[in-house]
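Participant: Have a look at the structure that comes next, please.
The values are calculated or read from the model by the stated rules, or taken from the named source; none is laboratory data. Computed from a predicted structure; not experimentally measured. Note that we place each Cβ from the backbone using ideal geometry, even for glycine, and neighbour counts take in every protein chain shown.
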Amino acid sequence: MSNTLTAVAPVAYSAAKEVAAEPAGMMDAINMNFDDKGVAKGDTVKVPVAPTRAASDFTPSNATSTGTDATATTVDVTITKSRKVSWNITGEQLRSLENAEADNTWFAQLLKQGMRTLRNEAESDAWAAGLAGASRAYGTAGTTPFASDLSGLTNVRKILADNGSPMADLQLVVDTAAGLNLRNLGVYQNAYAAGSDAERRSGELLRQFGFQIRESAGVSTHTAGTAASATSDNTGYAIGSTSIALASAGTGTILATDVIAFAGDTNKHVVATGDADVSNGGTITLNNPGTRVTMSAATKAITMTATYTGNLAFERSAIVGIMRPPLMPANPTISQMMVSDGKGLTYLLLDIAQYGQRSLELHLAWGFKSVNGEFSAILLG
């Protein structure tokens, strides 16, 4: 097997440490299972999930009691993508770079940009998975939160608390526009209000109301459906209902991840599955925990939230992810090396000997899933 990569290992290590990256708060905030074992696209990886625990009465005794058994569960997360960044160089081009003593610089720059490309794509997918499973929403579409206060943070915290979410490791992932508004608030800029000048000097967003606040370039916009004058049917629904039938009314579409409200209910629900034509009287599904108030046996007008930026508030256990290098069979013309970027990600680097040239590839496979959607909420922007 070729040993070409052995010579460039120090360069690869140095490039990995210096890899450029846009903010990637989602992958830092969710429950990740990093591993350097090869995995195939379409494979399912089981992620352990700790069970909830119930309290019991304490009774003094001359002997300690046996602890209550706890059975961990698992969640299946599928590797949905296996992506690569590739480049090549001919023998003549390589000699030219070597003569200019620029071959290592060329390699390092391409490696850094490859890591950046793959990480950003995975970050966007992690955000999309979290958004799709979120329970409810707060805020105004098209208006960046935190323009004047932290009320957006306290309101999404209330949503999580009402849903019964664990509150031990709360995360808030926002775009840089919301991050800018936060840093402009007096509670951050004024040492007397913040308690110290640490945030102003470092630029870091420290915990507020239990949330670790992170920025992400993966936070994007959801384009809302076009439904107008749509209503529920007149069946009536109990608290916790997730399947809502529609009357044959209105026009347009309700899409997955749309945010809607029903007449007489101020809650903004996130749609799990929508309806391509509301005029036909289909059915939509809401994410857990479903409706929060009883809907009487009468049609309820549906209010659509406009296109929005999906900042996410969640407990870490709400979203899980797997990122691994894919499996590459041994080949005498291919050298393989695992390269970690210092952020917990391990890539597979290939150097492929070809006819008069070398081809290099950087690989990464991943999958994300919202497993406890009721532990997450959208902060509209």
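Participant: Hey, any hits in the range 145-163 for a residue that's of a type in the set (Phe, Trp, Tyr) and modelled with pLDDT under 95?
Facilitator: no
Participant: Of everything in the range 353-375 that's surrounded by fewer than 18 Cβ atoms within 10 Å (Cβ to Cβ) and not aromatic (Phe, Trp, Tyr), which residue is nearest to residue 127 (Cα to Cα)?
Facilitator: 359
Participant: What is the residue count in the range 224-240 for residues that are over 13 Å from residue 305 (Cα atoms) and within 26 Å of the chain's Cα centre (by Cα)?
Facilitator: Count: 1.
Participant: A follow-up question, please. Among 347, 355, which is free of Cβ contacts under 8 Å to residues at least 60 places away in the same chain, aromatic (Phe, Trp, Tyr) and out of contact with any Gly (no Cβ under 7 Å at 6 or more places or on another chain)?
Facilitator: Selected residue: 355, the only one of 347, 355 that is free of Cβ contacts under 8 Å to residues at least 60 places away in the same chain, aromatic (Phe, Trp, Tyr) and out of contact with any Gly (no Cβ under 7 Å at 6 or more places or on another chain).
Participant: Can you pull out the residues in the range 273-302 that are of a type in the set (Val, Ile, Thr), in a loop (DSSP other than H, G, I, E, B) and under 25 Å from the mean Cα position of the chain (by Cα)?
Facilitator: Correct list: 291 only.
Participant: Where residues in the range 74-100 are over 22 Å from residue 336 (Cα atoms) and among the small types (Gly, Ala, Ser), which of them is modelled with the lowest pLDDT?
Facilitator: 100
Participant: In this structure, does residue 378 turn out to be over 29 Å from residue 32 (Cβ atoms) and either in contact with a helix residue (DSSP H, G or I) (Cβ under 6 Å, 6 or more places away or on another chain) or of a type outside the set (Asp, Glu) (or both)?
Facilitator: no
Participant: Looking at the range 278-285, can you tell me whether even one residue there is outside the structural domain of residue 361 (by TED's automatic domain parsing), more than 21 Å from residue 265 (Cβ to Cβ) and surrounded by fewer than 22 Cβ atoms within 10 Å (Cβ to Cβ)?
Facilitator: Yes, that holds for at least one residue.
Participant: Moving on. Pick from the range 303-336 the residues that are of a type in the set (A, V, I, L, M) and part of a strand (DSSP E or B): which of them is farthest from residue 182 (Cα to Cα)?
Facilitator: Among residues in the range 303-336 that are of a type in the set (A, V, I, L, M) and part of a strand (DSSP E or B), the one farthest from residue 182 (Cα to Cα) is 334.
Participant: Select from the range 244-267 the residues that are in contact with a Gly (Cβ under 9 Å, 6 or more places away or on another chain), surrounded by fewer than 20 Cβ atoms within 10 Å (Cβ to Cβ) and part of a strand (DSSP E or B) and list them in ascending order.
Facilitator: 245, the sole residue that qualifies.
Participant: What residue, of 368, 375, is more than 30 Å from residue 111 (Cβ to Cβ) and in contact (Cβ under 8 Å) with a residue 12 or more places away in the chain?
Facilitator: Testing whether each residue is more than 30 Å from residue 111 (Cβ to Cβ) and in contact (Cβ under 8 Å) with a residue 12 or more places away in the chain leaves just 375.
Participant: Might you let me know whether the range 227-248 holds any residue that is among the small types (Gly, Ala, Ser) and under 30 Å from residue 118 (Cα atoms)?
Facilitator: no
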